[in-house]
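Structure record follows, encoded as structure tokens.
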Amino acid sequence: MTITGKTAVVTVLCTACGVGSTRNYLVTDACVEAARMSYAYAYLRTQGWVCDRRGAFCPRHTPGRLL
């Protein structure tokens with residue numbers, strides 16, 4: 001079985017300040033928007049973002065450290 005992929009541009013905005021992170025992610029044709037966002041959140045967590053039920057927060061505005 002061969003899985004074909006494509007790139008999808010996903011933008012995530014910080015809930016606190018509105019700064020955006022826009023990146024290309026490799027997804028399959030079957031990926032819906034929710035799956036694409038989960039890929040973006042997973043990557044952004046490795047970059048210091050907090051992405052959970054409260055929202056998406058850039059490293060400068062992680063909950064408990066709002067400046």
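The values are calculated or read from the model by the stated rules, or taken from the named source; none is laboratory data. No experiment lies behind these values; they were computed from the predicted model shown. Here Cβ is always computed from backbone atoms with ideal geometry, including for glycine, and neighbour counts include all displayed protein chains. Only protein heavy atoms, including side chains, enter the accessible area calculation; ligands, DNA and RNA are left aside. Shrake-Rupley method; radii C 1.70, N 1.55, O 1.52, S 1.80 Å.
If we sort 16-29, 49-62 on the protection proxy, mean other Cβ atoms within 10 Å, highest first, what's the order? The partial results should precede the final answer.
Details: 16-29: 12.6, 49-62: 15.8.
In descending order of packing, they fall as 49-62, 16-29.
Multiplying the residue separation of ALA35 and VAL9 by 0.36 nm and removing their Cα-Cα distance gives an extension gain of 8.1 nm. When only the Cβ of Lys, Arg, Asp and Glu is charged (+1, +1, -1, -1), the dipole of the chain relative to its Cα centre reaches about 240 debye. Pop out the carbon and sulfur fraction of the accessible area of the chain as a percent, whole number, probe 1.4 Å. Whole-percent figure for carbon plus sulfur exposure: 55. What is the helix-to-structure angle for 33-46, meaning the angle in degrees between its Cα long axis and the longest Cα principal axis of the chain, kept from 0 to 90 and rounded to the nearest 10? Orientation of helix 33-46: about 50 degrees from the principal axis.
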